[in-house]
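The values are calculated or read from the model by the stated rules, or taken from the named source; none is laboratory data. Small disclaimer: the values here were computed from a predicted structure and weren't measured. Please note: Cβ atoms are built from the backbone with ideal geometry, for glycine as well, and neighbour counts cover all protein chains shown. Accessible surface is based on the protein model in full, side chains and every heavy atom, while ligands, DNA and RNA are left aside. Shrake-Rupley method; radii C 1.70, N 1.55, O 1.52, S 1.80 Å.
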Amino acid sequence: MCEPATIMMAASAAMSLYQGVQQNKQAKAQANYQRQVGEVNAAESKNQATRISNEGVRTENAQRRATAELASKQKASLGAKGIQVDSGSAQAIQSDTIELGNLDAMQIRENARIEADSVNRQGIQNQWKANVEADQTRAAGKDALIGGALTAASTVVSSKWFSEKSAAFSSRGASNNVNGYAGGGNIHQTAYGR
């Protein structure tokens with residue numbers, strides 16, 4: 001039959017191993033959750049970048065329509081005043097209006113592209129960060145599992161090493177007896193310390 005101390009050490013070893021396994025499971029679950037959050041956030045950033053690009057196209061097209069409308073109004077106004085609209089200053093005014101309107105439209109497109117790229121990059125960085133955190137969490141779980149296993153193993157080894165039947169606890173003749181004390185003792189002990 002097993003001694004109570006052996007049973008306690010075995011229970012302690014089993015508990016250490018169990019705790020390591022549970023911490024590893026929790027770490028895996030947390031790591032999976034972190035990855036999923038990163039993926040969802042990256043997808044949301046990508047969707048937001050697409051919305052920004054689409055809004056940029058709508059705003060650019062609205063700018064082009066407004067420019068065309070302004071050029072038409074200028075042409076009509078100049079024609080109503082009897083000015084020849086296909087040459088000279090009248091034509092230069094219309095050309096400048098169209099050119100400046102096109103520049104505005106292109107700037108709107110570029111601003112939307114820059115903003116969409118920034119949002120998209122932020123999403124990629126957030127996903128990368130979530131993956132790194134998930135990897136760290138998973139590694140911590142593995143460390144907990146290994147720590148639990150090592151603690152369990154050391155408990156079992158120490159129960160055998162320091163049992164009453166081991167050389168460490170023999171009364172005389174063991175190589176680690178000092179001053180007649182089993183289990184080592186203190187080399188500075190004196191005779192009256194027995």
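The figures follow:
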{"quantity": "ALA42 vs. criteria part of a helix (DSSP H, G or I) and at pLDDT below 85", "calculated": "no"}
{"quantity": "Identity of the residue in segment 34-61, open to solvent by 70 Å² or more (accessible area, probe 1.4 Å) and of a type in the set (Asp, Glu), that ends up farthest from ALA139 (Cα to Cα)", "calculated": "GLU55"}
{"quantity": "Filter result for the condition that a residue is closer than 30 Å to ASN32 by Cα and either in contact (Cβ under 8 Å) with a residue 40 or more places away in the chain or outside any helix (DSSP H, G or I) (or both), over THR59, THR50", "calculated": "THR50"}
{"quantity": "Some residue of segment 16-39 being over 35 Å from the mean Cα position of the chain (by Cα) and without any contact (Cβ under 8 Å) to a residue 24 or more places away in the chain", "calculated": "no"}
{"quantity": "Of all residues in segment 15-33 being open to solvent by less than 50 Å² (accessible area, probe 1.4 Å) and among the polar types (S, T, N, Q), the one that is farthest from VAL132 (Cα to Cα)", "calculated": "SER16"}
{"quantity": "Where ALA66 falls short, out of the listed (1) without any contact (Cβ under 8 Å) to a residue 40 or more places away in the chain; (2) more than 17 Å from ASN102 (Cβ to Cβ)", "calculated": "(2)"}
{"quantity": "Near pairs, Cβ below 8 angstrom, 6+ apart or cross-chain, from segment 122-144 (over 10 Å from GLN34 (Cα atoms) and in a helix (DSSP H, G or I)) to any residue that is open to solvent by less than 70 Å² (accessible area, probe 1.4 Å) and aromatic (Phe, Trp, Tyr)", "calculated": "none"}
{"quantity": "Scan of segment 75-111 for residues that are over 53 Å from the mean Cα position of the chain (by Cα), in a helix (DSSP H, G or I) and surrounded by 14 or more Cβ atoms within 10 Å (Cβ to Cβ), ordered by number", "calculated": "LYS75, LEU78, ALA90, GLN91, ILE93, GLN94"}
